[in-house]
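Here is the structure we will look at, set down as structure tokens.
Every read-out reported here was derived from the displayed coordinates using simple, explicitly stated rules and does not represent laboratory data. Given the structure is predicted, the values throughout are model-derived calculations rather than measurements. With ideal geometry, Cβ positions are generated from the backbone for all residues, glycine too; neighbour counts draw on all protein chains shown.
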């Protein structure tokens, strides 16, 4: 299966043809994600916060998260088309489907991908430590209103506009781990992620496409 060059999605004014119509893409930096363990989780944080991290680790650091917002010429509406964790300024020369522990790409049928399911219309990037904090708070708090999950849900509601929902929230004031969450395209579905690799085979980008189509 040939994989697109997803770096095109983050060029200002990039034209994109999808089943929803002709679109123009523009990138927006929405915050920096702190990775303290180097284990990145991409998931629906409201429904599946216990999702396993990606198998490949990244160097602990703060990384920009950038959304590619699509403007639809046909409808006049905006959609979050792509989300990227920007790891390095080196240009990607190749792309590969991201896997979690136990997932084997060579066992996949040609028309299938690994990814994560969305049932709340929201996707995210976060460190494994942040994901564990969310899950632990569900079990260790007396009421749902005291849990991190409730705080995330409340924050998402406060950070919704006519373009999309975007949230950057610190979950632990001691470690400063945060979650950056965003609208998953047009809503619920199943979404793969891809690593972009530089010429020395280092990961330079992590991209989750929420819309399918072709770059023009």
Length gained, residue 215-residue 47, 0.36 nm per residue minus C-alpha separation, equals 57.3 nm
Both in Å, the radius of gyration and Dmax of the C-alpha trace of the chain are 16.8, 53
Mean-square fluctuation maximum in Gaussian network of the chain, Cα pairs under 10 Å, restricted to 123, 31, 189, hits 189
Ordering 34-43, 15-24, 130-139 by per-residue average of other C-beta atoms within 10 angstrom, highest first, gives 34-43, 130-139, 15-24
Note to self, the chain gives a 222 nm [θ] from helices alone (DSSP H runs n ≥ 4, -39500 (n - 2.57) apiece, / all residues, nearest 500) of -3500 deg cm²/dmol
One finds the C-alpha centres of region 29-43 and region 77-118 to be spaced, in Å, by 15
Mean Cβ-within-10 Å packing, highest first, puts peptides 164-171, 103-110 in the order 164-171, 103-110
Taking 0.36 nm per residue of separation between residue 19 and residue 186 and subtracting their Cα-Cα distance, the length gained on full extension comes to 58.9 nm
Taking Cα pairs closer than 8 Å and at least 6 residues apart, the relative contact order of the chain in percent is 28
Residues 143, 79 in order from fewest to most other beta-carbon atoms within 10 Å are 143, 79
